[in-house]
Structure formats: structure tokens, C-alpha cells
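Student: Sending over a structure as C-alpha cells; questions will come in a sec.
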Amino acid sequence: MVFNTGAALLDAIVLSVVSRDAEGTYGYRITQEVREVLDVSESTLYPVLRRLQKDQCLTVYDREYGGRNRRYYKVTEQGMVQLNMYRSEWMSYSGKISAILFGEEE
């Protein structure tokens, strides 16, 4: 992708991916889903997950899977508030950018 992905956009995408499952989802799966739209490495995503956890947007729990523990991430109520704010901001921002790039009226 030729456009830079800022921290806020990456946070929004990660929160959106995690929010899809009410029980939460695990790190590798998050990485794979984010990689469907962005070229990012695990070394980029795991600090994002830790920051969102520190900011109380995500909770973390471990669950046994195949004889090993798998770390799951789940969106908190505060995380949903943040995600909804990101969604609202994205609608406004992307509309303005599209208007400039494609000559559309807002």
C-alpha cells in the first residue's frame, strides 16, 4: 500500500477485527485478518494489542487449545466507545478524501 497507516487507523482496524466475535479472538487470527487489508507484520500488531489493552480497550484471557495456551483478546465497553468514535471519524474523513480525489460532492 502506498499510503501510510497511522496508529489511529491501525487501532481502529484491530478493534474492528476483535469486535466481530463476542468471545474475542486470538493474536494470530487478528494478524491474518488485518493482513487481508494491510501489509503489516506481527511485530507491528502485537504492540498495538498491548497498547489497546493498556488503554482498557481490550481485555486478555488465555484458553487451552491443542495442549497449549492461546491468548485471546476481547473488546471492552470502553473499546466499543473508541471503535464507534473511529468509525464516525472515518466516515467523515474518507468522504472528504473521496470528494477531493474523485470530484464528488459530500
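Student: State whether one or more residues within region 30-52 are open to solvent by 90 Å² or more (accessible area, probe 1.4 Å), touching a residue at least 12 places away in the same chain (Cβ under 8 Å) and within 12 Å of the chain's Cα centre (by Cα).
Tutor: There is at least one residue in region 30-52 that is open to solvent by 90 Å² or more (accessible area, probe 1.4 Å), touching a residue at least 12 places away in the same chain (Cβ under 8 Å) and within 12 Å of the chain's Cα centre (by Cα).
Condition check ((1) at pLDDT below 95; (2) surrounded by 13 or more Cβ atoms within 10 Å (Cβ to Cβ)) across all residues:
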residue: 64; (1), (2): yes, no
residue: 69; (1), (2): yes, no
residue: 77; (1), (2): no, no
residue: 86; (1), (2): no, yes
residue: 92; (1), (2): yes, no
residue: 98; (1), (2): yes, no
residue: 106; (1), (2): yes, no
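Student: Return the pairs, sorted by first residue and then second, in which the second residue is open to solvent by less than 70 Å² (accessible area, probe 1.4 Å) and among the charged types (D, E, K, R), the first residue lies in region 58-80 and is under 18 Å from residue 17 (Cα atoms) and in a strand (DSSP E or B), the beta carbons are less than 9 Å apart, and the residues are 6+ apart or on different chains.
Tutor: Here the result reads 74/21, each pair linking region 58-80 to a residue that is open to solvent by less than 70 Å² (accessible area, probe 1.4 Å) and among the charged types (D, E, K, R).
Student: Determine which member of the set 11, 55 is open to solvent by less than 100 Å² (accessible area, probe 1.4 Å), of a type in the set (Asp, Glu) and touching a residue at least 60 places away in the same chain (Cβ under 8 Å).
Tutor: Exactly one of 11, 55 is open to solvent by less than 100 Å² (accessible area, probe 1.4 Å), of a type in the set (Asp, Glu) and touching a residue at least 60 places away in the same chain (Cβ under 8 Å), namely 11.
Student: Filter region 14-29 for residues that are open to solvent by less than 60 Å² (accessible area, probe 1.4 Å) and small (Gly, Ala, Ser); which is nearest to residue 89 (Cα to Cα)? Lay out the reasoning, then the answer.
Tutor: Going residue by residue through region 14-29, those that are open to solvent by less than 60 Å² (accessible area, probe 1.4 Å) are 14-19, 24-27.
Imposing the further condition that a residue be small (Gly, Ala, Ser) reduces the set to 16, 19, 24, 27.
Numbers: 16: 14, 19: 18, 24: 24, 27: 26 Å.
Step by step, filter region 14-29, then rank; the result is 16.
Student: Would a scan of region 41-52 turn up a residue that is more than 22 Å from residue 87 (Cβ to Cβ), outside any strand (DSSP E or B), of a type in the set (D, E, K, R) and out of contact with any Ser or Thr (no Cβ under 9 Å at 6 or more places or on another chain)?
Tutor: So far as region 41-52 goes, yes, one or more of its residues are more than 22 Å from residue 87 (Cβ to Cβ), outside any strand (DSSP E or B), of a type in the set (D, E, K, R) and out of contact with any Ser or Thr (no Cβ under 9 Å at 6 or more places or on another chain).
The values are calculated or read from the model by the stated rules, or taken from the named source; none is laboratory data. All values derive from a computational prediction rather than experimental measurement. Glycine also receives a Cβ, built like all others from the backbone with ideal geometry; neighbour counts cover every protein chain displayed. Ligands, DNA and RNA are stripped out before the accessible areas are found, and what is left, the full protein with its side chains, is counted by its heavy atoms. Shrake-Rupley method; radii C 1.70, N 1.55, O 1.52, S 1.80 Å.
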